[in-house]
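Notes for the one structure printed next.
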Amino acid sequence: MNMSKISEYAKDYEPTAKTKNIADLEKVSTDLELVDDEFEFTKGDETKTVKQKVIIVDDESYRVPVTVIQQLKVLIEDNKNLKFFKVKKSGSTKDDTRYQVIPM
């Protein structure tokens, strides 16, 4: 039987279903595939489905906000040979989070 203290397990616990954010990556290739993804969550008595765009890097999903796609479009219009970019994220809530796409 494999045993561990609940406090030790809790400290090491990482949720497996959590989608990371594109801003968590050091650098992003413009050649990555954009994938449709969705998940359900329950709030009170109501179950909602959330649809999102993700990229997959090393078997991990990273959410790509629409604002990142919009900014990337502008960058690619000016630089058709753009191969890599990074994303800076500021804010911590749904209402104040902002993204800045930076060409590399």
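Quick notes on this one:
- Qualifying residue in region 58-67 (condition: of a type outside the set (A, V, I, L, M, F, W, C), within 12 Å of residue 28 (Cβ to Cβ) and part of a loop (DSSP other than H, G, I, E, B)): no
Conditions tested, residue by residue: (1) under 14 Å from residue 20 (Cβ atoms); (2) in a helix (DSSP H, G or I); (3) modelled with pLDDT under 95.
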| residue | (1), (2), (3) |
| --- | --- |
| 51 | no, no, yes |
| 54 | yes, no, yes |
| 88 | no, no, no |
| 93 | no, no, yes |
| 100 | no, no, no |
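- Of all residues assigned to region 20-36, none qualifies as being surrounded by 10 or more Cβ atoms within 10 Å (Cβ to Cβ), free of Cβ contacts under 8 Å to residues at least 12 places away in the same chain and under 16 Å from the mean Cα position of the chain (by Cα).
- Hey, residue 56 surrounded by 10 or more Cβ atoms within 10 Å (Cβ to Cβ) and under 17 Å from residue 37 (Cα atoms) or not: yes
- Annotation note: Cβ proximity below 7 Å between a residue of region 70-97 that is under 20 Å from residue 34 (Cα atoms) and a residue that is basic (Lys, Arg) and part of a loop (DSSP other than H, G, I, E, B) (sequence gap 6+ or interchain) occurs for 84/27; 86/27.
The values are calculated or read from the model by the stated rules, or taken from the named source; none is laboratory data. Remember, it's a predicted structure, so these values are computed and weren't measured experimentally. Every residue, glycine as well, gets a Cβ built from its backbone with ideal geometry; the counts of neighbours run over all protein chains shown.
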